[in-house]
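Participant: Here it is: the structure, laid out below.
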Amino acid sequence: MAQTLETLTRHSDTLKSIRGIVHTMKTLSAINATPYEHAARSIEAYHQTILQGFAAFAYRTGKITLRQDEALEHLVIVFGSDHGLCGNYNEILAEVVKQHCQAKITGKHRLLCIGAQMNDALDDQGLASDAVLLPPASADGIGRLAGDIVTRIDRFSRGQPLYHLDVTLAFTQRGEQGMREPVTLRLLPLEPALLQRQEHWDSRSLPDYTMGAEALLSSLIRSHIFASVFRASAEAMVTENSARLALMQQAEQSVDERIEDVKGELRSVRQTEITSELMDVITGFEALKKTRKS
C-alpha cells in the first residue's frame with residue numbers, strides 16, 4: 001500500500017512539472033504571436049498604399065493590358081514551421097501545395113520552402129524543395145527574409161519578362177472565428193486588375209507623377225512583391241504560434257484532468273491506508289482486552 005501511495009505521489013509531482021512546462025509554452029506562444037500580428041497589420045497598411053499607387057499610375061497613364069502568356073516554370077514559395085508542437089499545421093498546407101502543383105499541368109515546378117518541418121511535410125507528399133530557408137526568429141527578421149525571397153525571385157526570372165513568370169505564395173492565414181485556413185496566392189504574373197483605369201478618381205486632386213513611367217512601374221511592382229511576401233511570412237508566423245497555443249491549451253486541459261484523477265486516487269489510497277491502520281489498532285486493542293480477562 002505504501003508503495004502504491006509513493007508511486008501516485010511521484011506521478012502527481014511529474015504531472016505538475018509537465019503542466020508547468022506546458023503553461024510556459026502556452027504563454028510563449030501567446031507572447032510570440034503579438035509582434036508578428038502587429039507586423040502583418042503594418043505591412044497591410046503599406047500594401048494598400050502600393051495598390052493606390054498602381055491605381056494612380058493607371059489613371060494617369062491610361063489602361064495597361066498585361067500579357068498573360070503560359071509560363072514554362074512555376075515557382076511555389078511555401079511558408080511553414082521550423083519547429084514542432086503545432087499539430088498538423090504543416091501537413092495540411094503540404095496537401096494544398098500538392099493539389100496546386102497537380103492543377104498546373106504544364107511546365108516545371110520548383111519549390112522554395114521556409115521551415116525544416118514544412119520541408120519534411122512536403123517530402124511526405126512527394127515534393128522536393130529546391131531550397132529550404134529558416135523562418136524569422138523575430139518580427140525584425142521578416143523584412144530580411146522577404147528581401148532574400150525577392151532576390152531569389154529575381155534569380156528565378158533570369159531576365160525574363162514578368163508575364164513569363166509564375167510565382168505562387170502558399171501559407172496559412174487567419175480565417176473567421178479564430179480559424180486558420182491554408183491559401184495559395186498568385187504573385188506573378190500580375191493581376192490585370194492592378195493596372196485597370198478607374199472611371200472616376202475619388203479625390204478633388206487628380207494623381208500625377210514626375211519620375212519616368214517605367215521606373216515608377218518597376219518600383220511599384222517590386223514593392224508589391226515585397227509587401228506580399230512580407231505579409232505571407234507574417235501571417236504564417238501568427239498562425240503557427242496560434243496553432244501551437246491551441247495545442248498547448250488542449251494539453252494543459254488534459255494534464256489538469258489527469259492531475260485531478262491522480263488526486264482522487266491519492267485520496268482513496270490514503271483513506272484506505274488510514275482505515276487499515278485503524279482496523280489494526282482496534283484489532284490489537286481487542287486482543288489486549290481478551291488477554292487481560294484471561
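Participant: Taking the chain as the reference, fit the longest principal axis to its C-alpha atoms, fit the long axis of helix 140-157 to the helix C-alpha atoms, and give the angle between the two in degrees, 0 to 90, nearest 10.
Facilitator: 50
Participant: Within 10 Å, count the other beta carbons around each residue, average over each peptide in 92-98, 121-127, 283-289, and list them highest first.
Facilitator: 92-98, 121-127, 283-289
Participant: Among 204-211, 262-269, 189-196, how do they line up from the highest to the lowest mean number of other beta-carbon atoms within 10 Å?
Facilitator: 189-196, 262-269, 204-211
Participant: If you line up the long axis of helix 2-61 against the longest principal axis of the chain, both from Cα atoms, how many degrees apart are they, to the nearest 10?
Facilitator: 10
Participant: Next up: Pairs of alpha-carbon atoms within less than 8 angstrom and 6+ residues apart define the contacts here; what relative contact order does region 27-245 have, in percent?
Facilitator: Reported relative contact order: 37 percent.
Participant: Go from 0 up to the bin containing the longest alpha carbon distance in region 27-245, width 10 Å each, and give me the % of pairs per bin.
Facilitator: Each 10 Å bin holds this share of Cα pairs: 8, 32, 33, 20, 7, 0.
Participant: Report, in debye and to the nearest 20, how large the dipole of the chain comes out about its Cα centre when Lys and Arg carry +1 and Asp and Glu carry -1 on their Cβ.
Facilitator: 380
Participant: If I histogram all Cα-Cα distances within region 161-245 using bins 10 Å wide from 0, what percent of pairs lands in each bin?
Facilitator: 14, 34, 28, 20, 5
Participant: Put +1 on the Cβ of every Lys and Arg and -1 on every Asp and Glu Cβ in region 27-245; which of Ser219, Ile31, Phe230 then has its Cα farthest towards the positive end of the dipole?
Facilitator: Ser219
Participant: Amide H neighbours of Leu187 under 5 Å, counting only residues 5+ apart in sequence or on other chains, H built in-plane at 1.01 Å?
Facilitator: Under 5 Å from the amide H of Leu187 lie the amide H atoms of Val167, Thr168, Leu169, each far enough along the sequence or on another chain.
Participant: What residues have an amide H closer than 5 Å to that of Leu85, excluding those fewer than 5 places away on the same chain, when H is modeled at 1.01 Å from N in the peptide plane?
Facilitator: HN-HN under 5 Å from Leu85: empty list.
Participant: Can I ask one more? Ile64 to Glu176: FRET efficiency via 1/(1 + (r/R0)^6), r the Cβ-Cβ distance, R0 41 Å, to the nearest 0.05?
Facilitator: Efficiency, from the Cβ-Cβ distance: 0.75.
Participant: What percent antiparallel are the DSSP beta bridges of the chain, to the nearest 5?
Facilitator: In the chain, approximately 35 percent of DSSP beta bridges are antiparallel ones.
Participant: Under 18 Å Cα to Cα from Lys290, which aspartates and glutamates show up? Leave out anything in the same chain fewer than 8 places away.
Facilitator: Those aspartates and glutamates meeting the cut-off are Asp280.
Participant: In addition: Which residue, Gly84, Gly175, Gly143, tops the fluctuation ranking in a GNM of the chain built on C-alpha contacts under 10 Å?
Facilitator: Result: Gly175 has the largest fluctuation of those listed.
Every number in this text was worked out from the coordinates using simple rules, so none of it is lab data. Quantities reported herein were computed from a predicted structural model and do not represent experimental measurements. Ideal geometry is used to build each Cβ from the backbone, glycine not excepted, and the neighbour counts take in all protein chains shown.
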